[in-house]
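Q: Let me begin by handing over the structure; questions about it come next.
The values are calculated or read from the model by the stated rules, or taken from the named source; none is laboratory data. On a predicted model such as this, the values are computed, not experimentally measured, just so you know. Methodologically, a virtual Cβ is constructed for each residue, glycine included, from the backbone with ideal geometry; neighbour enumeration extends over all protein chains shown. Heavy atoms of the whole protein, side chains included, go into the accessibility calculation; ligands, DNA and RNA do not. Shrake-Rupley method; radii C 1.70, N 1.55, O 1.52, S 1.80 Å.
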Amino acid sequence: MPRSTYQRLLGLIGKLAVVLILGFLVLPAVVVTIAAFNDKAILSFPPQAWSWRWFAKAIAYQDFRDGFRNGLIVTAWSSTIALVIGAMFAFALHRYRFRFKKTLEAVLLSPLVIPHFTVGLGFLILAAQIGWNRSYAVVIACHVVLVLPFVLRSVYVSLRNLDQSYERAAASLGASPLRVLVTITLPLLVPGLVSGWLFAAMLSFNEFTASLFVTAQRTQTLPVAMYNYVREFADPSMAALSVMYIAATAALIVFANAYLGLGKVLNIEQSR
């Protein structure tokens with residue numbers, strides 16, 4: 001077989017494989033989206049009749065509303081705290097040399113390999129020992145630990161893509177290190193900081209496994225409220241809420257990519 005024909009065949013097979021994999025990943029979301037419009041009070045596919053009433057029921061259900069509010073509180077605090085801590089650690093890991101640097105980095109990234117139920121169980125035991133009894137502080141601390149690696153990664157890659165000649169130029173003109181940080185470094189890191197916060201917010205708001213251990217009725221987040229609902233009911237309200245979840249997450253990702261350039265932030269493409 002000629003080399004050009006062989007390359008074209010490999011390219012066609014590769015594209016077909018990508019399409020099949022994407023279809024396999026998207027298919028459950030498509031099924032859930034169609035099932036959400038079912039007029040019957042039971043999850044079934046395909047629908048025999050179409051209705052929007054399950055979206056209205058999902059929005060009006062009090063536990064979902066409380067879970068949404070609690071999720072916003074936990075997400076706002078955990079993602080902001082993780083951003084501050086992660087940015088400081090990323091700056092230290094990128095700019096300084098010190099002993100046990102690799103060990104510190106491994107510890108900060110360890111939540112990526114530790115099962116979330118292990119983290120949740122650990123915080124549950126810790127909360128019982130100190131008497132916090134599944135308070136907001138415990139939930140927020142748990143989420144900070146889980147989303148910190150993603151903030152660290154985002155800010156670290158942004159630091160690597162940062163042109164330090166701007167900082168050196170400002171320093172050579174007499175700017176203090178603090179002024180260089182405030183007027184040069186931080187403004188150039190805004191895309192990485194904002195995208196890190198967005199990633200942390202999406203992960204925190206969608207976190208379920210660890211939240212199941214550390215939340216109580218008054219602090220349960222929306223994923224936990226959805227889990228409690230599906231144990232008792234089997235109507236399409238869950239599918240409708242899932243569709244709203246998918247739409248909101250997709251909108252945030254599209255926004256972040258359009259205004260922040262996630263390819264550059266995540267080092268998928270090189271900065272120009």
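Q: Scan segment 41-56 for residues that are polar (S, T, N, Q) and open to solvent by less than 90 Å² (accessible area, probe 1.4 Å) and report the count. Spell out the reasoning first.
A: First, pick out the residues of segment 41-56 that are polar (S, T, N, Q): 44, 48, 51.
Pick out the ones that are also open to solvent by less than 90 Å² (accessible area, probe 1.4 Å) and you get 44, 51.
So the answer is 2.
Q: I need the helices (runs of 4 or more DSSP H) fully contained in segment 1-116, keeping only those with at least 2 residues that are more than 18 Å from LEU241 (Cβ to Cβ) and touching a Lys or Arg at 6+ places or on another chain (Cβ under 9 Å). Give the steps one after another, and end with the answer.
A: Working: elements: 3-35, 53-60, 62-95, 101-109.
Qualifying helices (runs of 4 or more DSSP H): 62-95.
Q: Moving to a separate point now. Could you give every pair whose Cβ atoms fall below 7 Å, whose first residue belongs to segment 238-267 and is under 17 Å from VAL30 (Cα atoms), and whose second residue is of a type in the set (Val, Ile, Thr) and modelled with pLDDT of 75 or more, counting only separations of at least 6 or pairs across chains?
A: MET238/VAL230; ALA239/VAL32; SER242/VAL32; VAL243/VAL32; VAL243/THR33
Q: A further question follows. Looking only at segment 124-157, which residues are part of a helix (DSSP H, G or I), more than 20 Å from the chain's Cα centre (by Cα) and either small (Gly, Ala, Ser) or crowded, with 21+ Cβ neighbours inside 10 Å (or both)? Steps first, answer last, please.
A: Going residue by residue through segment 124-157, those that are part of a helix (DSSP H, G or I) are 124-130, 136-157.
Going one step further and asking which of them are more than 20 Å from the chain's Cα centre (by Cα), we end up with 124-130.
The answer is ALA127, ALA128.
Q: Of all residues in segment 1-39 being aromatic (Phe, Trp, Tyr) and under 33 Å from the mean Cα position of the chain (by Cα), which is most open to solvent (accessible area, probe 1.4 Å)? If you could, list the steps in order and put the result at the bottom.
A: Taking segment 1-39 as the starting set, the residues that turn out to be aromatic (Phe, Trp, Tyr) are 6, 24, 37.
Keeping just the survivors that are under 33 Å from the mean Cα position of the chain (by Cα) gives 24, 37.
Numbers: PHE24: 156, PHE37: 43 Å².
By that ranking, first place goes to PHE24.
Q: Further, regarding this structure: Conditions: (1) hydrophobic (A, V, I, L, M, F, W, C); (2) at positive phi; (3) buried (at least 16 other Cβ atoms within 10 Å of the Cβ). PHE100 meets all but one. Number of the miss?
A: Condition (3) is where PHE100 drops out.
Q: Under the condition of being among the polar types (S, T, N, Q) and surrounded by 18 or more Cβ atoms within 10 Å (Cβ to Cβ), which residue from segment 57-86 is farthest from GLY196 (Cα to Cα)? Let's see the steps before the verdict.
A: Of segment 57-86, the ones among the polar types (S, T, N, Q) are 62, 70, 75, 78-80.
Adding the requirement that they be surrounded by 18 or more Cβ atoms within 10 Å (Cβ to Cβ) leaves 70, 75, 78-79.
Numbers: ASN70: 21, THR75: 13, SER78: 12, SER79: 9 Å.
Per the stated criteria, the residue is ASN70.
Q: Hey, among THR103, THR75, THR80, which residue is of a type in the set (S, T, N, Q) and farther than 26 Å from LEU186 by Cα? I'd like the intermediate steps shown before the answer.
A: Numbers: THR75 fails: farther than 26 Å from LEU186 by Cα; THR80 fails: farther than 26 Å from LEU186 by Cα.
The unique qualifying residue is THR103.
Q: Any residue in segment 130-153 that is more than 23 Å from LEU83 (Cα to Cα) and hydrophobic (A, V, I, L, M, F, W, C)?
A: Taking every residue of segment 130-153 in turn, at least one turns out to be more than 23 Å from LEU83 (Cα to Cα) and hydrophobic (A, V, I, L, M, F, W, C).
Q: Report those helices (runs of 4 or more DSSP H) wholly inside segment 158-244 carrying at least 3 residues which are open to solvent by less than 30 Å² (accessible area, probe 1.4 Å). Full working, then the answer.
A: Values: elements: 165-172, 177-180, 190-206, 209-214, 222-230.
Here the list reads 190-206, 209-214, 222-230.
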